[in-house]
Amino acid sequence: MQIDNISIHSETLSPTRTGGNAPNLIEEVFRLYDRALAATSNGITIADATQPDKPIVYCNPAFEQITGYDRSEIIGHNCRFLQGPDTDRAALDQIRVALQEQHDCKVVLKNYRKDGTPFWNELTISPVRDSSGIVTHFIGVQSDISDRKQAEEALKQAEEKYRSIFENATEGIFQTSPDGRYLSANPALARMYGYDCPSELIAKCSAKNLYADRTRRASFMAEIRQNGSLKEFESCVRRADGSTTWISENVREVRSEAGELLYYEGTVAEIADRKAAEAALRDREYWLKTAIDAVPDAINLTDGEGRWLIANDCALKLLGWETADYQGKTTAELAAAADPRVRDILLSWQETDETTWEAGTLTSSSQIVPLPTGGSNLFEVRKVPLYNPDGSRKGMAVAGRDITQQVAAEAALRESEQRFRAIFERGAIGMAVATLQGVAIATNPAFQAMLGRSEAELRGVDIDCCVHPEDAPASRQLRRQLAGGDRQAYQIEKRYLRPDGSIRWGRLSASVIDNSQGMPQFILKMVEDITDRKQAQSALLQNEAKWRSLILNSSDIITILDASGRIVYESPSVETVLDYEPEELIDRMILDFIHSDDIAAVISQQEKLIANPADPIALEGRFRRADGSWCFLEGVGINLLADPAVNGIVVNSRDMTARRQAEYRLSKINECFLGFTTDAADNIQRLTSLAGELLGGSSAIYSHVGGGLLRAIATWQTPPDYPEVDRAEGHICTDVCSKGGDAAVAIPDLQNTIYGKSDPAVIRYQLKSYLGQAVRLGDNYMGVMCVLYTEPIAPTEADCKLIGIIAGAIGVEEERAAGAARDRQKSRELQTALRELQQTQMQLVQTEKMSSLGQVLAGIAHEINNPVGFVAGNLCHVRGYVLDLLEIVQMYREEYPNPPAKIQKQAEDIDLEFLAEDLPKLLNSMQTGCERIVEIIQTLRNFSRTDEAKLKPADIHEGLESTLLMLNSRLKAKPNWQGIKVIKEYGELPKIKCHPGLLNQVFMNILANAMDALEESSSKINTTTTNSSFPTITIKTETIDNKSICIRIKDNGPGIPQDHIVSLFDPFFTTKPVGKGTGLGLSISHQIVVEKHNGKLQCLSQADKETEFIIEIPIR
């Protein structure tokens, strides 16, 4: 690959692939790499690992843009030029170690651009290896995360700010459990209650034992249960040292979404000083009442709601009341119950109350008051409004003085002067009289308070000097127009600067005061302090901008419906979630987009919203996307139809499709795991089907990779012609398994990758997307769980996690199956060892028996051989002697034909003629008998062969003959038994190396079993019929390709059933009655032929026909 004239081996950038048109494909892949590197927003560099200092050999445009350096300034240099004095040394050490040890690393560094500005860099370094595993390059990926770091720092400062507010607040702040235990408290509360620290308060104090009056706790609980909160709940409480203090609590309930009470939280203010002041106030009130009773004016005091609190004796006499008649009642209530005279007085006094409140200061009025004695006088009624520190109405003091005579003398002058002075001095708004040049002559207290200056400081000063510099020019221009007669009045809103640097907003109304000649003489300025309104407007605008930004940038969908369910507004996020333009949904009915199965529930929720204004109602349902798919929305609606600013039903909803899908997937996984059996293969098939079903694939396959083959172990919805075994080369799964790793491999567009031409399955079934995960068995990866798609898809992070879980479960099942296989192998080995032990034991027993039998036979042969040898050795001499004697007798008879009578008589008695004829025959018979005895002895010695443990050449026919001789007695006819006919078809056999004694034992077992079968079948036949074939045993020998010899022993007995043949050579298997067979003969014979001689022993049989045993012994 060629990047900026720097040669980089292809194998360092791409894993090796085989198959397909490699050169063209690689060039295309590299062109794609180039375009991808140039288009990415992350900075990418490649450093040469083989050169000193690892210089940069490539950088993409994004790296130049991030750092501000030109490519010519970067290539050939190490990235250290981005470092600065405060770059994290630990991160640099981590990079250095990663480069030395040649592994991946990821760090966050503070770097510097070419212009010196710092930026936060999230750097990822990865080594690139060639085909031999040597690191040739390092790839670095840089991301500018300065914005994220700034946001994290701002969040940290905000958390520290609120923590500081909590720790340093002057009011106590707390949280308590419903049973009164303190869950948290700030230092101010601990100090208030006399504890050293919050932890001591939490450990030792309980809200149940806090109140000095225990009934206050009950009142606290009753009121908060009823209202959900408490405001200014005043109580006397005990401190840690036993002293008491007064507190005022503001508390509210905190509940869970389900409505469960979690805890109480609130603030506490210590009001001991206020309570002491109230007590002192009550004392002063007593003295005040005494004092005002002594005043000749009619005086009364009302609270902020207009209820009468105090009236002096003069007022009571004027109205004709007792004390109990007025206290706690409003003027209107008193007027309704009073006589006409008193009602007129009260109503006339009440008419000026609102005027006094609007004035905010002392007001005075004159009223004609009818007297109890008759007639009426003019009273001056003076009213003073009283305010709480927070500016709220506290009450009003009213004084009525009889000024009938005074008014008569000075009515006109005093009335005019008093009214002007009252307006100017006690006006709620600032007033000033200035010259035509703007110099202040007189100012009222409200104006002075607004500008933060005294009357002396303002007198003689140009008022425009107190105006904000940005507003002063316009103000001066308007004043000049007013002074020049171009304007009679003007009104303007502007800012005033106070000495402390603060700014106050005022609405200035200015007009001229003419002199007696009608010419402008002074300017009257009335300034209303509108700072609070301006601040409120600013806060409102900011708040409105904030909420507008939240709605426009929120990922949730904000919808406003009218009462019929018609969409009035949709937030921009509807395009992200549902792929609609907001304008597409305006004036559409919401039910047109709801899933048919959810319409009834949505209608019910809509009815609840209509029936419960201002109450939040939970909503959920499936909403149709623009592409026709369904999105599960969950949200909250609130009926604000009565709010003029909204006039609609506001619904805040969010996309819960992913969560519902995750819940569904979790339930299916649990269902699958609960259905597991002990069969690992069945469990793996279940997991494979689960992967295909939950991940929405066209098919799912779990395959083993090994030996150059890809074997499908479990499948789901694969095509009928999908191969169970295929060559591993070129398959995606082969690469996934060879690379291993615990991360899923997702390929959204298979056709545009190398697999589009190398993977047979991708080509044959036109697969578009792939999601797979390597399956680990121990420390190795043995296979791959994959889901295949015939349509392009982009797997989500949840999909990758899901296939990882399933692949992990398959790995567990594979491990369990491998463990079970190992257990079965051990079991088979133990069974084999046990069988071999049993066979060895049987062999030892049989060998011992045969050895004992051989020794007995050898001993018998030896003992018989000696006398037989003696007889046979002397028999030839006896024969010679007898023949000599017979020859002498014959000579006597010839020489003496007439013997004496005694001799003749003796010759007749012994039948000399017969004796002479028979004695040679008898000697011949005796000779034959001795030879037979010698032959039998030799046969016994040949059969026993106890001294032949090693292989030695032997004549198989000799062994067969000796065995038949041993069994000869069973071959002969007997009463009720016709005997057995033996047919010998011997071929030309060479002597072979073998264990003759052991083979004789095999021949003995097979021939004895054949004789048993023939005898048994013959006895059964004789009891049923007289027509039967003669019992016959056929022995046939031959050579096979000069490589082995074959001995066939066949009988025409009843045969062996097929179900018995499979167990014929098993130890202790026998078909004979109990006591007639051990079941060891054929087992030992099989062991002798197969294990001792590397031969074969098999049985061919047909039921009710014949049985043939075939022995093959290799020629050594």
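The values are calculated or read from the model by the stated rules, or taken from the named source; none is laboratory data. Remember, it's a predicted structure, so these values are computed and weren't measured experimentally. Cβ coordinates were reconstructed from backbone atoms using ideal geometry, including for glycine residues, and neighbour counts include every protein chain displayed.
Things to note:
- Residue in the range 266-283 that is surrounded by 12 or more Cβ atoms within 10 Å (Cβ to Cβ), closer than 30 Å to I617 by Cα and in contact with a Phe, Trp or Tyr (Cβ under 7 Å, 6 or more places away or on another chain) present: yes
- Qualifying residue in the range 190-198 (condition: outside any strand (DSSP E or B) and within 20 Å of E253 (Cβ to Cβ)): no
- Taking the criterion of being surrounded by fewer than 14 Cβ atoms within 10 Å (Cβ to Cβ) and basic (K, R), the residues of the range 222-251 that qualify are R225, K231.
- Yes/no for D598 being assigned to a loop (DSSP other than H, G, I, E, B) and either free of Cβ contacts under 8 Å to residues at least 60 places away in the same chain or not assigned by TED's automatic domain parsing to the domain that holds I558 (or both): no
- The single condition among (1) in a strand (DSSP E or B); (2) out of contact with any Leu (no Cβ under 7 Å at 6 or more places or on another chain); (3) closer than 30 Å to A212 by Cβ that F166 does not satisfy is (1).
- Which listed residue, of A291, A258, A272, is more than 21 Å from S206 (Cβ to Cβ), among the small types (G, A, S) and at pLDDT below 85: A291
- Taking the listed residues K289, K275, the one that is in a helix (DSSP H, G or I), in contact with a Cys (Cβ under 9 Å, 6 or more places away or on another chain), outside the structural domain of S177 (by TED's automatic domain parsing) and of a type outside the set (V, I, T) is K275, with no other qualifying.
- Sole residue being closer than 25 Å to E278 by Cα and of a type outside the set (V, I, T), chosen from S219, S206: S219
- Which numbered condition V577 fails, given (1) surrounded by 13 or more Cβ atoms within 10 Å (Cβ to Cβ); (2) within 30 Å of G648 (Cβ to Cβ); (3) free of Cβ contacts under 8 Å to residues at least 60 places away in the same chain: (3)
Here's the yes/no breakdown for (1) in contact with a strand residue (DSSP E or B) (Cβ under 7 Å, 6 or more places away or on another chain); (2) among the polar types (S, T, N, Q); (3) in a helix (DSSP H, G or I):
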{"site": "C314", "(1), (2), (3)": "yes, no, yes"}
{"site": "G328", "(1), (2), (3)": "yes, no, no"}
{"site": "V342", "(1), (2), (3)": "no, no, yes"}
{"site": "W349", "(1), (2), (3)": "yes, no, yes"}
{"site": "T355", "(1), (2), (3)": "yes, yes, yes"}
{"site": "F379", "(1), (2), (3)": "yes, no, no"}
{"site": "G391", "(1), (2), (3)": "no, no, no"}
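- When Q661 is tested against (1) part of a strand (DSSP E or B); (2) of a type outside the set (S, T, Y); (3) under 28 Å from the mean Cα position of the chain (by Cα), exactly one condition is not met: (1).
- Candidates in the range 452-468 are the residues that are out of contact with any Ser or Thr (no Cβ under 8 Å at 6 or more places or on another chain) and touching a residue at least 24 places away in the same chain (Cβ under 8 Å); of these, the one that is nearest to T361 (Cα to Cα) is R453.
- Qualifying residue in the range 955-975 (condition: touching a residue at least 40 places away in the same chain (Cβ under 8 Å), part of a loop (DSSP other than H, G, I, E, B) and over 16 Å from A1013 (Cα atoms)): no
- Spans of strands (runs of 3 or more DSSP E) in the range 1034-1116 with at least 1 residues aliphatic (A, V, I, L, M) and free of Cβ contacts under 8 Å to residues at least 60 places away in the same chain: 1096-1102
- For the range 175-208, filtered to residues that are of a type in the set (G, A, S) and in contact with a Leu (Cβ under 7 Å, 6 or more places away or on another chain), the residue that is farthest from E265 (Cα to Cα) is A190.
- Only one of the numbered conditions (1) of a type in the set (V, I, T); (2) within 21 Å of T40 (Cα to Cα); (3) crowded, with 16+ Cβ neighbours inside 10 Å is violated by T87, and that is (2).
- Some residue of the range 558-580 being charged (D, E, K, R), in contact with a strand residue (DSSP E or B) (Cβ under 6 Å, 6 or more places away or on another chain) and under 20 Å from A658 (Cβ atoms): no
- Checking Q717 against (1) closer than 23 Å to A681 by Cβ; (2) under 33 Å from the mean Cα position of the chain (by Cα); (3) crowded, with 16+ Cβ neighbours inside 10 Å, the condition it does not meet: (3)
- Hits in the range 671-696 - residues which are among the acidic types (D, E) and more than 10 Å from V787 (Cα to Cα): E671, D679, D682
- When the range 371-402 is filtered for residues that are under 16 Å from A315 (Cβ atoms) and in contact with a Ser or Thr (Cβ under 8 Å, 6 or more places away or on another chain), the ones remaining, listed by number, are N377, F379, E380, V381, R382, K383, V384, G395, M396, V398.
- The number of residues in the range 209-252 that are in a strand (DSSP E or B) and of a type in the set (S, T, N, Q) comes to 6.
- The one condition in (1) more than 23 Å from N42 (Cβ to Cβ); (2) of a type in the set (S, T, Y); (3) surrounded by 13 or more Cβ atoms within 10 Å (Cβ to Cβ) that Y112 fails to fulfil: (1)
- Annotation note: Cβ proximity below 9 Å between a residue of the range 138-157 that is of a type in the set (D, E) and a residue that is surrounded by 15 or more Cβ atoms within 10 Å (Cβ to Cβ) and assigned to a strand (DSSP E or B) (sequence gap 6+ or interchain) occurs for D144/G43; D144/F119; D144/W120; D144/N121; D144/E122; D147/W120.
- Any hit, the range 387-405, residues being surrounded by fewer than 17 Cβ atoms within 10 Å (Cβ to Cβ), at pLDDT below 90, outside the structural domain of E493 (by TED's automatic domain parsing) and farther than 27 Å from T330 by Cα: yes
- The set of residues in the range 559-574 that are in contact (Cβ under 8 Å) with a residue 60 or more places away in the chain, farther than 12 Å from G635 by Cβ and hydroxyl-bearing (S, T, Y) contains only Y569.
- Every residue from the range 611-625 that is surrounded by 13 or more Cβ atoms within 10 Å (Cβ to Cβ), among the hydrophobic types (A, V, I, L, M, F, W, C) and more than 15 Å from I557 (Cα to Cα): I617
- Single match in I586, I617, I669, I610 (criterion: aliphatic (A, V, I, L, M), touching a helix residue (DSSP H, G or I) at 6+ places or on another chain (Cβ under 8 Å) and modelled with pLDDT of 85 or more): I617
- Residues of the range 723-738 that are touching a strand residue (DSSP E or B) at 6+ places or on another chain (Cβ under 7 Å) and of a type outside the set (A, V, I, L, M): E724, D726, R727, H731, C733, T734, C737.
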